[in-house]
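The values are calculated or read from the model by the stated rules, or taken from the named source; none is laboratory data. This structure is a prediction, so every number in the text was calculated from the model and none was measured. So basically every Cβ, Gly included, is an ideal-geometry build from the backbone, and we count neighbours across all protein chains shown. In case anyone asks, the SASA skips ligands and DNA or RNA and just uses the protein heavy atoms, side chains included. Shrake-Rupley method; radii C 1.70, N 1.55, O 1.52, S 1.80 Å.
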Protein chains: 2
Amino acid sequence: MKTMERKKSAMRRPAKRKNVGVYRGAREPKSEEKRDENALRFAALGGLEEIGRNMMFLEYKDEIIIIDLGLQFPEEETPGIDYIIPDISYLEKKKESIKGIVITHAHLDHIGAAPYLMERLGNPLIYTTELTKEIMKRRHDEFLHAPRLNFKIVKSGEILTIGEYFSAEFFDVQHNIPDTVGLVIGTPVGNILHPGEYKLDRTKNGKSKTLDTFKEIGKKNILAMLQDSTGATKPGYSIPEETVVENIETIFKEAPGRIVVGTFASLLDRLYEIIKVAEKMGKVVATSGFSMKTNVQIAQNLGYMKIGKGVMINLEDIEKYDDKKIVILCTGAQGEPDASLMRIGNGEHRHVRTKPGDTFIFSSSVIPGNERSVQTLKDNLSRQGAIIHTSETMDIHSSGHAPQEEIKEVVKIINPKFFIPIHGYYFMRATNIGLAIQSGVKKENAILVDNGDIIEFTKTEAKITGERVPASSVFVDGLGVGDIGEVVLRDRRTLAEEGMIVVIASINRKTGKVIKNPDIISRGFIYLKENKELLDEIRRRVRMIIGRVPHYQDVDVDYIKSLIKDQVAEFLYNKTNRRPMVLPVIIEI
Amino acid sequence: MKTMERKKSAMRRPAKRKNVGVYRGAREPKSEEKRDENALRFAALGGLEEIGRNMMFLEYKDEIIIIDLGLQFPEEETPGIDYIIPDISYLEKKKESIKGIVITHAHLDHIGAAPYLMERLGNPLIYTTELTKEIMKRRHDEFLHAPRLNFKIVKSGEILTIGEYFSAEFFDVQHNIPDTVGLVIGTPVGNILHPGEYKLDRTKNGKSKTLDTFKEIGKKNILAMLQDSTGATKPGYSIPEETVVENIETIFKEAPGRIVVGTFASLLDRLYEIIKVAEKMGKVVATSGFSMKTNVQIAQNLGYMKIGKGVMINLEDIEKYDDKKIVILCTGAQGEPDASLMRIGNGEHRHVRTKPGDTFIFSSSVIPGNERSVQTLKDNLSRQGAIIHTSETMDIHSSGHAPQEEIKEVVKIINPKFFIPIHGYYFMRATNIGLAIQSGVKKENAILVDNGDIIEFTKTEAKITGERVPASSVFVDGLGVGDIGEVVLRDRRTLAEEGMIVVIASINRKTGKVIKNPDIISRGFIYLKENKELLDEIRRRVRMIIGRVPHYQDVDVDYIKSLIKDQVAEFLYNKTNRRPMVLPVIIEI
C-alpha cells in the first residue's frame, strides 16, 4: 500500500474545498458595461462546477428557454442531504418569459430537479422525446403535490419554433440511454449547438451514426458550441458497446450457473443488448429493483425493446427454471445499501440467495466515493462462492461520454466560432478548452465560465458580462428544499468527527447558585458509562465556574454559558485531544 | 453522467458493510480438535480484511515471532478516528514468548502501530533494515511516553537465529521504498516465505533483480508462502519505473516554468529518480512537507540517495533561482487538507504561490475516497493557470505491488506446498488464491483465512483449527486508544446524517408538573432561528405529554423521557421527513 504521513488534523476534518484563484475566462469581466439589449444571454445554473445539477438557459429580450433540470447527488461534505438542485431565483422572477424547457435525455442529472422546480418556473411546456417524457412522468408521480407536466414530443430532424425568437432542431445522439438528443437552437444572433451528451460509438467497420449526424450539423454555421466535459480528461476513444456486449456474451457462455448483471437502471441501451444475448442463448431474464423494472417496462411499452415472448419472467419464478437459464438484471452495482445487489450480497433479498457458482457481472464503473461499498459487496458475494467479473479486468462497461479524441473530431467537424465547455469540474472544463483550441477554435473564442456567469453573444462577438445570476447549491433534505444551509452542514460535519456534549446546569434565578448537580449528555464523543471520572470532573468544574461568577442583580446567562463552553472544551481537549461540540444549557428556576 | 434512482433511505446512511456468507477456507474448521503441540501456528491480527493494519505472527511451543506492526487509515464509517490498529490482546498475554518483531519495510501500514503497541508487547527486539529503523525512530520520537526501541539491523542474505526454534533469512525486494525485505522463516516444521511487498520491476532488457532473487528462494523448499493481495485483481505486469521516470523527464523538458511534483513521501525510490533527473538537467530541488523533508534527509544521511552538492535547496530560497530551474517535491497528492500541495492550491503556502505556467505532476494514484479532494485541488491549481499532469493521461506512477502476471510468475518459481494470501479484502485474497492455483498450487493447499483465524502447520499438513484469536479493530482517537467503540461511531454517523435535538423539561419532583417552558437546543438538524413555529409546537407537545402522565408517588422520569423521545421524533418525521436524534432531559427540582 502507498502510505503517507497524515497529520492528525488532516484526518479529522473533511478537506476544505475552497475554490481559489484568478478568474480565467477568455475575456475579462467588464462589470461596468451595460446590458446589450440585442445580445443573446447565456448562463448555467449548475453543472459547471460539479458533476450533475445540469441546467442552463438562453435569454433574448423577454424570452427565455431552459435546457435540462438536473440534480446532483450529495457528497461527503453534505451529509444527510438527499439531493442538490439548482438555484432558480433569477428565472423564477422572470417566469412569464420562459417559453419552454428542453430536456436532452432521461438521466437524473438532467431531469431530477423537475419535481421540485416546475411549479416555481410556472410549469412551462417541456420539449423532449417520448422515452424521456415517460421516465419524467413516472418519477413525477411520486411527488403528490407537483403540478401535472405538459409535454411537446420532439423527433429527430424536426425544427420547432419556440417563442418569437427561438427555434430548436433536434437530432439523435448515441449516449447510453435511448432517445438522447442534441439540439441546434436558432436565435436572432446565430445558431447555438448543444450536442447533448454523446459518444462516437463505432461499429466494427468504423462507422458512427452520431459522427455522420454531426457532419450534417457542421454545415449549419454554428456560432457557439456547448460541449460536455465529463470525458475531457480521458485520453483516446470510447470502448465500443459491441466489444462490451461481446465480452458479456463470453462470460455468459462460461457461466456454470445463474448470471446476475449489476448495472445502472438508466443504461437502457446496454440492458437491451444483454437481454438480446440472453434470448439468443435460450435464457430467461428477470429484473430486480424498482427502477430497473419500471425502466425496462417503459422501454418495452414504447417499443424501444423488442423482446420475444416468455423471455422476461418474474423474479418470483426463477426457481422454476434451471440455474443455467437464469439471467437477473439488478440495480446496485455501486454498492447502494438498499439496492437489489446489496440485498443479495447481504443475504436479505426476498427472492435471490447467492449460490456457489453464481456469476456476477458488474457492468458499470465505480463512481468516486462508492469504492468501499462496492468492495464490501464483492467481498460478501465472493465469500458465498460467487464468480465475479468487473470492468477492472475486462471491458464490460463503456462510458457514455466522448473522450478526448472524439471531442476533438466533433469540434473539428462543427468548426464553431465560440466554444463553451459545460458539465464538469474546472480542471475538466479547462482541459476541454485545450482540446477545442487543438481542434481549431481560436484561443480567445474558447470561453471558460462558472455557474452563474453571463455570456452575451452578438452575431460576431461573445463576452462575459461580469454580471452574475444566483447559482448556488440548494439542498433537498426530506421534505425541506433549501432550508438546510452551510451552518447546519458544518454542524453535521463537526458532530460526525468529534461528537458533542451537553452540559445542563440549573441555577437559582435570584441567587445565581447551582441548584443541583449538573446533568450531562453526550453522543459520539466518548462512551460515558466507562468514563465516570471524566464526567464527575466536568460537573465539579461547572459548579466551580458558576460559583465564581459574581452575582449582582441579574444572572448573566450568556456569560456563564460562554465560560462553561470554553473551559469544558479546553479541559476535554487536554484530557483527550478531542474537540467535541460543547453545548451549555442554563436553566433558571 | 451515469445516474441512477437512489432511494432516499439509501442516501441517508452509509452503506452497511456487513460481511456475510459461508466460510471458505481450504479446510473446514474442526473446532473440536485439540491444539497440536508440535505444530507451528500462524495468525494475522490485521491486513486480511482491509488494506493496512498489517500484522501477523508465528508461534511454536512457547516462542512467537511477529511480522509488521501496521496501522490502517480511517474510513467514511469511522468518522473522527485517527488510526485503526490491531488488537494484540492475545500476544499481550504471552509477551514473554515474543522473541522478536520483523518489520518488512517503512510504510505506515507496516510500522505505524509501533508507538501504540511496543510497550504492551514487552518492547521486544525489532529486526529490520537501516532505513526502516531510522524512519521508525523518527516517528517514535513524536510519542513522548513510548519506550526506547531496540533494533537489530539485518542485511540482505543474512540468516539470523531468533529464539530457539526460528531462523530468518532476509532478502531485498523491489517495492517503492528502499530497504524493503522479504524473509524466509526457518521453523521446526519447514520454511515459511513472507516475500514482503514487491513488484517485478523490469528494466528495458527485461531483467528483474527481484525475480532473480526469487529464483534462489525457490530452491529452499518452501512449505508455505504468504502473498500480498494488493495487486491480485490487477491484470498484467507492472509499469516499469524506467517508463515512469522517462515520462516525468519528458514533462520536465516541456515545462515552461517551475515544476512541482506531488507524490507520497514514502515513495523514496521515485523521489530519488526525480532528483537525479533534475540534477542532470541542471535544476535545483526543494522539498515541502515535514515527512517529505525528513524522509529525503534520512535517505541522504544513510547514503541511499547520492545527490550532488547544491542540488537540494531550502524552500525559502526558491525565489533566488530562475523559475525554469526550480523543482519542488511535495506531499499532498491525495488532496490531504493540511499537506503542502493543498496549501499551495489554496494560496495558503508560506513559500509557494502558484504562477501561470507552473507545471504540477501528480505522481501517485488516487486512493479511493480521496477523489473529490484531489479534484478540488486540481481545479484550484488550474484556476490559477497551472499546467497539470496526472497518471490518468500518462504513465507517471507505478504501483509497488505485483499484479496478476507477476504473482503467477513468482508462485511458479517458489512452488510452495501451501499458499496463504495476505494483505487485502476478501475478494482480492480469493482472486489471489485463483492465481496460485493457476500457478500449480493444489486447490486444497490454497488457504483462505480471515484475521484471527489460526492455521496449524506440520511438516506435511496445514489446517484451520477453528479457534480464533481476537483480531478486531482498535480505534485511536486523540489520546484515546481503544476507548471508542461501535456505539460512539454509530452515534457519530447518525449525528452526521440527521443532526440532533435536545429537549429539556424541568418538572416539580413532587407534583410532576412542568415548571417552565421546555428548552430546546439543536445542531445539524434545521436552522432553529428560521423555524420558530416548529419549536413552539415541540414545546407545546412536550408540556402536553408531561401533563398527561398520571402522577402517583414518584415521577417516572424514564417513562416520560421515552414518551417525549418517541412522540417528538414522530412529529418531526411527519413534518420534515428527517429523523434527528431526539435527546430528552428531565430536570427534577
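Of the trypsin sites (Lys or Arg not before Pro) found in the stretch A:98-172, those in coil by DSSP whose Cβ has at most 15 other Cβ atoms within 10 Å are A:120, A:148, A:155.
Counting 0.36 nm for each residue step from residue A:458 to residue A:569 and taking away their Cα separation leaves a gain of 34.0 nm. Charges on Cβ only, +1 for Lys and Arg, -1 for Asp and Glu, centred on the Cα centroid of the stretch B:89-235; of B:178, B:166, B:106, which one is farthest towards the dipole's positive end? So the residue we want is B:178.
Before we go on, tell me the buried accessible area for the A/B pair, both chains summed, 1.4 Å probe, in Å² to the nearest 100.
That pair of chains buries around 11400 Å² in total.
The distance between label points at residue A:96 and residue A:551 comes to 6.5 nm (points 7 Å beyond Cα on the Cα→Cβ vector). For the pair residue A:509 and residue A:467 in one chain, pulling the backbone fully straight at 0.36 nm per residue adds 9.7 nm over the alpha carbon distance.
Round to the nearest 0.05 the FRET efficiency obtained for residue A:144 and residue A:120 when R0 = 25 Å and r is the Cβ-Cβ distance.
The calculated FRET efficiency here is 0.90.
Classified by the C-alpha gyration tensor, the stretch A:241-390 has a rounded form. Its axis ratio a/c, with a ≥ b ≥ c, is below 1.5. For residue A:322 and residue A:393, what is the calculated FRET efficiency with R₀ set at 30 Å and r taken between the beta-carbons, to the nearest 0.05? With R0 = 30 Å, the Cβ-Cβ based efficiency is 0.60.
The lysine pair count for the stretch A:476-589, using Cα distances under 27 Å and pairs eight or more places apart or on different chains, is 18. Contact order, relative form, for the stretch A:499-588: 41 percent (alpha carbon pairs under 8 Å, 6 or more residues apart, mean separation divided by residue count). Bridges between two residues of the protein assembly as shown, per DSSP, are antiparallel at a rate of about 50%. Largest to smallest in accessible area, the residues B:321, B:237 fall in the order B:237, B:321 (1.4 Å probe, all protein chains included).
Suppose all protein chains stay in the model; what accessible area per residue would a 1.4 Å probe give for the protein assembly as shown, in Å²?
Heavy-atom accessible area per residue stands at 38 Å².
Going by the alpha-carbon gyration tensor, a ≥ b ≥ c the square roots of its eigenvalues, is chain A rounded (a/c under 1.5) or, if a/c is not under 1.5, prolate (a/b greater than b/c) versus oblate? In terms of gyration-tensor shape, oblate.
For residue B:37, the label point sits 7 Å beyond Cα toward Cβ; its separations from the matching points on the remaining copies run 10.5 nm, from shortest to longest. Name the shape class, rounded, prolate or oblate, that the alpha-carbon gyration tensor gives for the stretch B:499-588, where a ≥ b ≥ c are the square roots of its eigenvalues, rounded holds for a/c under 1.5, and otherwise prolate holds if a/b is larger than b/c and oblate otherwise. In terms of gyration-tensor shape, prolate. Of the cross-linked pairs A:219/A:459; B:199/B:276; A:325/B:443; B:199/B:417, those separated by over 24 Å at the C-alpha level are A:325/B:443.
Placing unit charges on the Cβ atoms of the charged side chains and taking the dipole of the stretch B:499-588 about its Cα centre, the candidate lying farthest along the positive direction among B:525, B:580, B:562 is B:525.
Each copy carries a label point for residue B:297 at 7 Å from Cα toward Cβ; from one copy, the others' points are 6.8 nm away, ordered from shortest. Phi angles across the stretch B:340-345 convert, under the Karplus curve 6.51 cos²θ - 1.76 cosθ + 1.60 with θ = phi - 60°, into 3J(HN,Hα) values of 3, 4, 5, 4, 5, x Hz, Gly and Pro given as x. Using only side-chain charges placed at the Cβ, +1 for Lys and Arg and -1 for Asp and Glu, the dipole size of the protein assembly as shown relative to its Cα centre rounds to 1240 debye. In straight-distance terms, cross-link reach from residue A:283 covers every one of the aspartates and glutamates whose alpha-carbon lies under 17 Å from its own, apart from those fewer than eight places away in the same chain; here that gives A:246, A:249, A:254, A:273, A:316, A:317, A:319, A:322, A:323, A:358.
Against the longest principal axis of chain A, how steep is helix A:532-548, in degrees 0 to 90 to the nearest 10, with axes from Cα atoms? Value to nearest ten degrees: 60. Spin-label model, residue A:158 to residue A:559: label points 7 Å out along the Cα-to-beta-carbon direction sit 7.4 nm apart. For chain A, carbon and sulfur atoms together expose 48% of the accessible surface, with a 1.4 angstrom probe and every protein chain in place.
For chain A, the longest principal axis of the C-alpha atoms and the axis of helix A:241-254 are separated by about 80°. Here residue A:297 and residue A:437 are evaluated by their C-beta separation; at R0 = 45 Å the FRET efficiency comes out at 0.50.
Taken residue by residue and averaged, Cβ atoms of other chains lying within 10 Å of the Cβ of B:476-482 number 5.
Amide hydrogen proximity for residue A:260: with H placed 1.01 Å from N in the peptide plane, the residues at 5 or more positions away or on another chain lying under 5 Å are A:328, A:359, A:360, A:361. Here's the list of aspartates and glutamates a cross-link from residue A:95 could span, going by alpha-carbon distance under 18 Å and ignoring same-chain residues fewer than 8 apart: A:59, A:62, A:63, A:68, A:87, A:119, A:164. The dipole here belongs to the stretch B:499-588: it is taken about the Cα centre, uses +1 on the Cβ of Lys and Arg and -1 on the Cβ of Asp and Glu, and is about 180 debye.
Please identify the trypsin sites (Lys or Arg not before Pro) of the stretch B:320-410 that satisfy two criteria: DSSP loop assignment and at most 12 other Cβ atoms within 10 Å. Which are they?
Numbers: sites: B:320, B:324, B:325, B:343, B:350, B:353, B:372, B:378, B:383, B:408; in loops: B:350, B:353.
Those that pass, being in a loop and sparsely packed, are B:350, B:353.
For chain A, the longest principal axis of the C-alpha atoms and the axis of helix A:130-140 are separated by about 20°. 3J(HN,Hα) couplings calculated from phi for the stretch A:274-291 with the Karplus curve 6.51 cos²θ - 1.76 cosθ + 1.60 (θ = phi - 60°) are, in sequence order, 5, 4, 5, 4, 4, 4, 4, 8, x, 9, 10, 10, 10, 10, 9, x, 4, 6 Hz; Gly and Pro show x. Considering only DSSP beta bridges whose two residues both sit in chain B, what percent are antiparallel, to the nearest 5? Rounded to the nearest five, the antiparallel share is 50 percent.
Could you work out the relative contact order of chain B, using alpha carbon pairs under 8 angstrom and six or more residues apart, expressed as a whole percent? RCO, chain B: 16 percent. Think of each Lys and Arg Cβ as +1 and each Asp and Glu Cβ as -1; about the Cα centre, that makes the dipole of the stretch A:241-390 roughly 360 debye. Summed over qualifying helices (DSSP H, 4 residues or more, each -39500 (n - 2.57)) and divided by its residue number, chain A shows a 222 nm mean residue ellipticity of -8500 deg cm²/dmol. In this assembly of identical copies, the label point of residue B:472 (Cα plus 7 Å along Cα-to-Cβ) is separated from its counterparts by 4.4 nm, sorted shortest first. Applying the Karplus relation 6.51 cos²θ - 1.76 cosθ + 1.60 with θ = phi - 60° to the stretch A:571-588 yields 3J(HN,Hα) values of 4, 5, 5, 5, 6, 10, 6, 10, 10, x, 5, 9, 10, x, 10, 10, 9, 9 Hz, where x marks Gly and Pro.
Taking GluC sites (Glu not before Pro) across the stretch B:383-438, the ones in a DSSP loop with at most 15 further Cβ atoms lying within 10 angstrom of their Cβ are B:392. Annotation: amide H-H contacts under 5 Å for residue A:587 (H modelled 1.01 Å from N, sequence separation of 5 or more, or interchain): A:505, A:506, A:507.
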